[in-house]
Structures are given as structure tokens and as C-alpha cells.
1. What pairs come out if I take residues in segment 136-164 that are in contact (Cβ under 8 Å) with a residue 24 or more places away in the chain and pair them with residues that are near ligand 1 (Cβ under 10 Å from one of its atoms) and of a type in the set (Val, Ile, Thr) whose C-beta lies under 7 Å away, six or more apart or interchain?
2. Anything in segment 214-230 that is under 11 Å from the mean Cα position of the chain (by Cα) and at negative phi? List them, or say none.
3. Quick one: in segment 127-157, which of the residues that are within 16 Å of ligand 1 (Cβ to nearest atom) and outside any loop (DSSP other than H, G, I, E, B) is farthest from residue 70 (Cα to Cα)?
4. How about segment 110-140: which of its residues are surrounded by 23 or more Cβ atoms within 10 Å (Cβ to Cβ) and more than 13 Å from residue 230 (Cβ to Cβ)?
5. Across segment 62-78, which residue is farthest from the chain's Cα centre (by Cα) among those that are in contact (Cβ under 8 Å) with a residue 12 or more places away in the chain and not in a strand (DSSP E or B)?
6. Considering only residues of segment 91-123 that are within 18 Å of the chain's Cα centre (by Cα) and part of a helix (DSSP H, G or I), which is nearest to ligand 2 (Cβ to nearest atom)?
7. Looking at (1) over 19 Å from the mean Cα position of the chain (by Cα); (2) within 27 Å of residue 198 (Cβ to Cβ); (3) not polar (S, T, N, Q), which is the only condition residue 88 fails?
8. Just to check your reading of the model, which residue among 175, 166 is within 10 Å of ligand 1 (Cβ to nearest atom) and among the aliphatic types (A, V, I, L, M)?
Amino acid sequence: MTGSTLYSIRMRAGRQGRHVSGAERICARASLHKLADQLIDRALGSGLSPDQVVVTIEPLDPDRVVFLPSLDLTAVACRDVAACRAAAMTMLARSGVSRTAALDAVRLLENGPSSSGGVMRGAMIMDRTTGERLEHDRERGVRASHFDWSDDAAAPAAAALASLGLTHFRTREALALATKVVRGPGVVAELCWSDNADYPAGYVASSACGYVRLPHLKTVGSPNGGRAIFVERQGFDLDALVRYLEEQPVLLSAAGACRAADSVEELSAATRTDANV
Ligand code: COA
Ligand code: AMP
């Protein structure tokens with residue numbers, strides 16, 4: 001993909017003023033029509049009958065695109081919400097997030113992190129030590145955007161994820177988003193679970209642990225969820241992080257390793273080994 005102009009193509013769909021679906025890609029001009037079709041199909045096929053679909057296409061300066069290798073992914077077979085949350089706490093601690101901050105984030109995602117008590121339109125930014133919230137707007141939060149898999153990495157990443165049975169586009173997109181997020185200035189870790197009531201899986205991501213997928217971070221039927229991005233305050237520049245997350249084009253240049261773990265103990269041993277390399 002290097003050398004010629006690239007485009008950011010983004011889709012968002014809403015119904016009665018509520019966001020129901022969104023996705024984005026980065027591609028060469030020759031792929032724009034095909035990807036626009038795919039994104040429109042995705043919006044209209046969501047089963048949520050959007051009354052508005054917005055597709056935005058913007059050229060990117062190729063010299064501004066940053067290439068990052070994907071985080072490695074570990075899928076942990078924790079059986080229930082309690083086990084998954086315990087695993088998340090372990091991984092957050094290993095990534096440098098205090099127990100206070102991690103518990104605050106879990107409580108907020110459980111109950112609805114926006115100032116009005118519902119889901120936010122983006123992520124919280126939290127001090128990794130105190131749990132203090134730093135995002136300017138507690139309804140909106142901050143959204144990572146302008147990222148995608150490169151042409152070279154997309155197929156190997158999809159194959160590696162499929163080897164673990166992870167064939168849904170959601171995992172590929174969440175792994176790309178998390179890779180961009182954890183490489184952001186000042187970021188130490190991210191915790192996420194979806195606000196989709198039918199989708200209980202989520203993850204902890206960090207440079208220390210990679211992307212740790214946990215299948216039951218919430219109870220099926222819960223409409224709450226969100227993202228917490230934990231940051232180190234020393235030398236931290238919130239505006240620089242927001243600019244990076246929202247505007248910096250990032251392409252994932254290489255797929256990471258994907259593996260399964262049966263338990264927190266196995267996962268802890270694996271990440272301890274990686275952290276020592
Ligand atoms: N939730 C709720 N509202 C959203 C939203 C979301 N996830 N994304 C967009 N909107 C709505 C908001 O009203 C927003 O206004 P705001 O900035 O005041 O919140 C408005 O749409 C415009 O948003 P903007 O980000 O400017 O739209 P965009 O068309 O440039 O990009 C997305 C939209 C959805 C593609 C982008 O925000 C995004 O989330 N990209 C990442 C998608 C992805 O891969 N996610 C992984 C999920 S596992
Ligand atoms: P989703 O994974 O799409 O179910 O989103 C889960 C939660 O993450 C949402 O409720 C938002 O709070 C937040 N979110 C959605 N999109 C983004 C984004 N692009 N960047 C950061 N946070 C987001």
C-alpha cells in the first residue's frame with residue numbers, strides 16, 4: 001500500500017438519533033468502490049434498520065501513515081463472568097494498572113460510564129494509578145479512528161484468528177483498534193467490553209500482555225459496556241493522545257501470534273515469559 005494516495009473510508013449508521021453501527025477501512029483508490037459497497041451492506045444488513053447511513057471518504061497523506069505490528073492475541077477459556085473479570089484484573093495489574101483504577105473501570109463499564117449513567121460514544125481515559133477520569137466529555141469520550149490492517153497483514157491475521165475459531169469481523173477490528181490504542185503516547189492498557197447485549201466477550205490489551213480475549217466479561221442481556229484507556233500521568237499530554245487516537249492514520253503491518261490458554265495461570269505464565277524476552 002505504500003507510495004500512492006490512501007483513503008480513509010468510514011461508515012456510521014443511526015436510527016432515531018442513536019448510533020447503531022460503524023466501521024472503517026484504509027485503502028487505495030482502486031478499492032474505494034468495493035469497500036464502500038461492503039460498508040453500506042454492513043450498515044443495511046445489521047438488522048437494526050438505520051434511517052441514516054453516512055459514508056465519509058478522505059485522502060490521507062501517505063507520509064503521515066504509521067505502520068505498527070499487531071499485538072499478539074491470547075484467547076482465554078475462562079468459564080464465567082467472575083473468572084473472566086478475575087483474569088482481567090490480573091492482566092491489568094501486570095500491565096501497571098492499580099487495583100483501585102481497575103475496579104473503578106469495571107464498576108463504570110458495568111453500570112454505564114457516561115455522566116447520565118448510560119454508555120458513552122467513545123472511551124474513558126483513566127489515570128492508571130488513581131483511576132481519575134481525564135476525558136473532557138463524559139458522554140462522548142474519545143474514539144480511536146483512522147486505522148486498518150494493511151493488505152499484507154489482513155489475510156495472515158484472519159487465518160491466525162480463524163485457527164482459534166475467531167472468524168467474526170468484530171475480533172479483527174477490535175484487535176486493530178486495541179493495537180493502535182496501546183501504542184498511543186502515555187497509554188499503559190485498555191479494558192473493553194461491548195455494549196451489545198448479545199456480545200459478552202471483551203479484552204484487556206497492553207504492550208506487556210498483548211491482547212487478552214475474555215469470552216464472558218459481562219452477562220448476556222446487559223446493555224452496558226465501554227472502553228477504559230489507562231494512562232501514566234507523568235509527562236502525559238491528553239491533547240496529544242486524543243489527536244493520536246482520533247487522527248493519526250495507522251496501518252497494521254504484520255499479524256501477531258494467536259494462541260489459546262485454558263486458565264489465568266497458563267496466561268500469567270505465558271505473559272511473564274513474554275515480558276521477560
Ligand atoms: N457510538 C455512538 N455514536 C457514534 C459512534 C459510536 N461508536 N461513532 C460515531 N458516532 C456518532 C456520534 O454522534 C458522533 O458525534 P460525536 O463526535 O459528537 O460523538 C458522530 O457520529 C460523528 O462521529 P465521527 O467519529 O466524526 O464519525 P466518522 O464517520 O468519522 O467515524 C466511526 C465513525 C464509527 C467509523 C468511528 O468513530 C469509529 O468508531 N471507528 C472505529 C470502528 C471500529 O473498528 N471499531 C471496532 C469495534 S470492535
Ligand atoms: P463496541 O465494541 O462497538 O461494542 O463498543 C463498545 C464501547 O466502546 C462503546 O460503548 C463506546 O463506549 C466505545 N467505543 C466505540 N467505538 C469506539 C472507538 N472507535 N474508540 C474508542 N472507544 C469506542
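Read-outs throughout are calculated quantities, based only on the coordinates presented, and are distinct from any laboratory measurement. Here the structure is a predicted model, which means the values were calculated and not measured. Because the Cβ atoms are built from the backbone with ideal geometry, glycine has one as well, and the counts that use them run over all protein chains shown.
1. Every condition considered, the pairs that remain are 161/171.
2. Just the residues of segment 214-230 that are under 11 Å from the mean Cα position of the chain (by Cα), to begin with: 226-229.
Hits for segment 214-230 are 227, 228, 229.
3. Applying the first criterion (within 16 Å of ligand 1 (Cβ to nearest atom)) to segment 127-157 yields 135-150, 153-154, 157.
Now narrow it down to the ones that are outside any loop (DSSP other than H, G, I, E, B): 142, 147-149, 153-154, 157.
On the way: 142: 21, 147: 12, 148: 11, 149: 9, 153: 9, 154: 10, 157: 9 Å.
If we take residues in segment 127-157 being within 16 Å of ligand 1 (Cβ to nearest atom) and outside any loop (DSSP other than H, G, I, E, B), then 142 is farthest from residue 70 (Cα to Cα).
4. If the condition is that a residue be surrounded by 23 or more Cβ atoms within 10 Å (Cβ to Cβ) and more than 13 Å from residue 230 (Cβ to Cβ), then 113, 120 are the ones that fit.
5. At the first step, the residues of segment 62-78 found to be in contact (Cβ under 8 Å) with a residue 12 or more places away in the chain are 62, 64-78.
Cutting the leftovers down to not in a strand (DSSP E or B) gives us 62, 64-65, 70-72, 77-78.
Details: 62: 24, 64: 21, 65: 19, 70: 12, 71: 11, 72: 14, 77: 20, 78: 20 Å.
Restricting to residues being in contact (Cβ under 8 Å) with a residue 12 or more places away in the chain and not in a strand (DSSP E or B), the top hit is 62.
6. 109
7. The one condition residue 88 does not meet is (1).
8. Details: 166 fails: within 10 Å of ligand 1 (Cβ to nearest atom).
Exactly one of 175, 166 is within 10 Å of ligand 1 (Cβ to nearest atom) and among the aliphatic types (A, V, I, L, M), namely 175.
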